[in-house]
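Below is one structure, written out as C-alpha cells, with a few remarks after it.
What follows is calculated from the coordinates using simple rules that are stated; it is not laboratory data. Quick caveat: nothing in here was measured; it's all calculated off a predicted structure. Cβ placement follows ideal geometry from the backbone for every residue including glycine, while neighbour counts extend to all protein chains displayed.
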C-alpha cells in the first residue's frame, strides 16, 4: 500500500491560483475554512445583535467573490486572509447599505472600534457605513494606516501578524494603529456632527 501524497501547502496552492489556475481555489478552501469562519464570526460579533447574515453565508459570499477574481496575486496564507477580511468588510458594508435602502435609512448598525481588537469593550459605538467612508478617506491620505486598521480591526490580526503581513516593524504598526484609530474617531465624530 503506497501512502497518499500529502496535499501541497497553502502557499504553493495560492501561487498556482495567482498564476491563473482557478480550480485550485477549491483545494485551498478546506485548508483555510476554519480561519475564514473565525474571521466571519469576528466580523459578525461586531454587528448589531439582530443581524441576519450568518457566519457560513459570509464565508461563502467571500469565497464566491474570491472565485470571481481574475488576476489576484496572493503571497501567502496571511495575505490571503487579509484579502478575505477586506472582502468580508465590503460584503457587510454592501449588506448594510441594502438593508438601509430597504428601510429608508432607519436603524444604523453600530459597532465598537475596540483598541484591544480581541474583545469588545466599552469603546465608542461606530456606524459601519461611517467607518467605511472614513477608511476610504484614510486610504487616500495614508494607505498603510488604512491597511493596518483593516487587518487589525476587520481581520483580527495581532500587532505581530500585521507587522509580518505588511513587512514593517511591530513598533511602526503600534504607532500607526494608535494614530489611525485617533484619526478615524475624530473624522467619524465630525461626520456625526454634520448629520
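Cβ-to-Cβ counts within 10 Å put 52, 162 in ascending order as 52, 162, the fewest first. Look at 135, 92, 141 and count the other Cβ atoms within 10 Å of each Cβ; fewest to most, that gives 141, 135, 92.
Can you put 77, 175 in order of Cβ neighbours within 10 angstrom, beginning with the fewest? Intermediate values should be presented prior to the final figure.
On the way: 77 17, 175 13.
Listing 77, 175 from fewest to most nearby Cβ atoms yields 175, 77.
Just so you know, the Cα atoms of the stretch 9-106 work out to an Rg and Dmax of 14.6, 47 Å.
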